[in-house]
Amino acid sequence: MKLWEGRFEKPAAKSLEEFNDSLPFDKELWQADIKGSLAHSQMLYECGIIGENDFTLISNGLNAIAGDISEGKLQIEGAEDIHSFIENELTKRIGEAGKKLHTARSRNDQVATDFRIYAMWAHKTLAEKLKTLVGSLLVKANEGIKLIMPGYTHLRKAQPMCAGHFFNAYAEMFLRDLERIAQSEKRVAVCPLGSGALAGTSYPINRFMTAEKLGFLKPCENSLDGVSDRDFAAEYLFDCSLIMAHLSRLCEDIILYSAEEFGYFEISDEYSTGSSIMPQKKNPDIPELIRGKTGRVYGHLMGLLTTIKGIPLAYNKDLQEDKEGLFDAKKQVENCVSVMAELLLNISFKRQNMFKAAGGDFCCATDVADYLAKKGIPFRTAHAVTGKIVRSCIEKNITLQDMTAEDFKKFSEFFGDDIVEKVKAENCAAARLSYGGASPKSVRENIKSIKKRLNKF
Ligand code: ARG
């Protein structure tokens, strides 16, 4: 039964139904819809708009429907959308009283409310998962305190660093994501229920009561905006997109560092895949898939932004297109965050390779220049002298660590015997004691601070 068929002489065409119906996907909102209707009916009763008997029938009926759906006794099918499905089912069960549920309500404020309830839950779930992910990164950062690896710029070896620094960098990104989610959550928590179709209602409803019952911070202040605003969904999709960007960068690093050419990380067998033809292969499918899904989540953000850009106030059916992308983004992002939290704990370090790489390829050249500059030579001159040293090493096919103090002294009288110790990778890393730097000491401080900030969420 259509909620709107009274005005029509002929039933809807089959093709119209198939095209128009949203039940196949908006059934995802069933819990939110029942919760919303429970609060609405209680408010109607408390404001004297429906009687006690009707309210009891409605709330018992809604609770029974919820029970039957969760137990798999009631299939969600055969209606235009989730709102019609539940209302029809209620009326089937309790008769006339069921027809009073929609008093002082429109599907426009109903769907906006349901979608926001759903989004509030989504924010909570995502925040929990992000917390676990930051926890995994902290485990790796701790393991990495004693390890040295090269840091990169332009994907060329740049300077040695404590390996924990790498994981803390990602923990910082996901902490910002957590903060963003917490901020977005406040904007989702504004209740449109009671906005009616677009202009509010003439019934003496109490919008503050429903907002509070449903866990919102407040009711929205403009009914036109209330029914047509989907900013919260776009914002959630943006938050998801940025999380995916961070995950995707981490994936790229894991893929590179576990490749033979780098050989710093080893992904455990349980989290790797093989090849059907090349027996030697151990492939990083998990990080590749996460990287791949990033495009899909960005797509959902672009899709919604494009959908909302040209619609006049207030509700238009275009807005039915707001859901599938968000449902999919939620599922993908939650999965990716959880899988990454697990994958990280199944990555081991190839210490020797990391250490060797940190010393090689003139990773410590900045430290040679700094050595001279600290003796009073202008940094630009020290840079040029070190450049010459590097060039001569390349010609002789040796590293900075192969050079003796005498070799260094040939380039500048300011070199002392201690330069040999200074160019060891572990000493270069340990010297980066500046706030937020890559020394093991600074990394320990960073870990402490991340833990403290994490505990606030
Ligand atoms: N299925 C619709 C949606 O998701 C519900 C709201 C319908 N409102 C209307 N005026 N036709 O947007």
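The values are calculated or read from the model by the stated rules, or taken from the named source; none is laboratory data. Values in this document were obtained by computation on a predicted structure and should not be read as measured data. As a convention, Cβ positions derive from the backbone with ideal geometry for all residues, glycine included, and neighbour counts pool all protein chains shown.
If the condition is being among the β-branched types (Val, Ile, Thr) and at pLDDT below 95, then segment 259-300 contributes Thr273, Ile277. Do we find a residue being part of a loop (DSSP other than H, G, I, E, B) and without any contact (Cβ under 8 Å) to a residue 12 or more places away in the chain anywhere in segment 311-320? Scanning segment 311-320, I find at least one residue that is part of a loop (DSSP other than H, G, I, E, B) and without any contact (Cβ under 8 Å) to a residue 12 or more places away in the chain, so the answer is yes. Each residue in segment 319-352 was checked for being within 16 Å of the ligand (Cβ to nearest atom), under 22 Å from Arg291 (Cβ atoms) and crowded, with 20+ Cβ neighbours inside 10 Å, and 2 of them qualify. In summary, helices (runs of 4 or more DSSP H) completely within segment 1-116 and bearing 2 or more residues that are within 16 Å of the ligand (Cβ to nearest atom) occur at 14-20, 23-26, 30-46, 82-94. Only one of the listed residues (Thr386, Thr366) is within 19 Å of Ala163 (Cβ to Cβ) and either loosely packed, with under 13 Cβ neighbours inside 10 Å or of a type in the set (Ser, Thr, Tyr) (or both). That residue is Thr366.
Do we have Gly144 as more than 30 Å from Asn60 (Cβ to Cβ) and either within 16 Å of the ligand (Cβ to nearest atom) or surrounded by 19 or more Cβ atoms within 10 Å (Cβ to Cβ) (or both) here? Criteria met by Gly144. Only one entry in Thr381, Thr404 is more than 24 Å from Lys146 (Cα to Cα) and surrounded by fewer than 12 Cβ atoms within 10 Å (Cβ to Cβ), namely Thr404. When residues in segment 243-291 are screened for being within 15 Å of the chain's Cα centre (by Cα) and surrounded by fewer than 19 Cβ atoms within 10 Å (Cβ to Cβ), 2 of them pass.
Glu17 satisfies every condition listed in (1) surrounded by 15 or more Cβ atoms within 10 Å (Cβ to Cβ); (2) in contact (Cβ under 8 Å) with a residue 60 or more places away in the chain except (1).
Only one residue in Arg432, Arg391 is more than 30 Å from Leu178 (Cα to Cα) and of a type in the set (Lys, Arg), so which one is that? The conditions single out Arg391.
Pairing residues of segment 101-113 that are over 15 Å from Asp54 (Cβ atoms) with residues that are more than 8 Å from the ligand (Cβ to nearest atom) and part of a helix (DSSP H, G or I), at Cβ distances under 6 Å and at least 6 apart in sequence or on separate chains, gives Asn108/Val227; Asp109/Val227; Ala112/Val227; Thr113/Gly36. When you look at Gly295, is it surrounded by fewer than 22 Cβ atoms within 10 Å (Cβ to Cβ) and on the phi > 0 side of the Ramachandran plot, yes or no? Criteria not met by Gly295. Cβ separations smaller than 6 Å between residues 6+ apart or across chains give the following pairs from segment 76-92 residues that are closer than 21 Å to Leu57 by Cβ to residues that are within 12 Å of the ligand (Cβ to nearest atom) and of a type in the set (Phe, Trp, Tyr): Ala79/Phe85.
Here Gly194, Gly215, Gly164 are screened, and the one residue that is small (Gly, Ala, Ser) and surrounded by fewer than 23 Cβ atoms within 10 Å (Cβ to Cβ) is Gly215. Looking only at residues of segment 389-401 that are touching a Leu at 6+ places or on another chain (Cβ under 9 Å) and among the aliphatic types (A, V, I, L, M), we find that the one that is surrounded by the fewest Cβ atoms within 10 Å (Cβ to Cβ) is Val390. Every listed requirement among (1) touching a helix residue (DSSP H, G or I) at 6+ places or on another chain (Cβ under 7 Å); (2) in contact (Cβ under 8 Å) with a residue 60 or more places away in the chain is met by Leu217 save one, (2). Of everything listed in (1) within 16 Å of the ligand (Cβ to nearest atom); (2) surrounded by fewer than 19 Cβ atoms within 10 Å (Cβ to Cβ), the single unmet condition for Trp121 is (1).
Residues checked against (1) more than 18 Å from Glu413 (Cα to Cα); (2) not aliphatic (A, V, I, L, M):
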{"position": "Ile347", "(1), (2)": "yes, no"}
{"position": "Lys350", "(1), (2)": "yes, yes"}
{"position": "Phe355", "(1), (2)": "yes, yes"}
{"position": "Ala365", "(1), (2)": "no, no"}
{"position": "Val368", "(1), (2)": "no, no"}
{"position": "Leu372", "(1), (2)": "no, no"}
{"position": "Ala384", "(1), (2)": "no, no"}
{"position": "Lys388", "(1), (2)": "no, yes"}
{"position": "Ser392", "(1), (2)": "no, yes"}
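From the list Thr132, Thr91, the lone residue that is more than 30 Å from Glu221 (Cα to Cα), buried (at least 17 other Cβ atoms within 10 Å of the Cβ) and not charged (D, E, K, R) is Thr91. Scanning segment 83-123 for residues that are basic (Lys, Arg) and either over 35 Å from the mean Cα position of the chain (by Cα) or on the phi > 0 side of the Ramachandran plot (or both) yields Lys92, Arg93, Lys99, Lys100. Determine whether Glu80 is crowded, with 21+ Cβ neighbours inside 10 Å, within 35 Å of the chain's Cα centre (by Cα) and either under 24 Å from Gly215 (Cα atoms) or modelled with pLDDT of 95 or more (or both). No, not satisfied.
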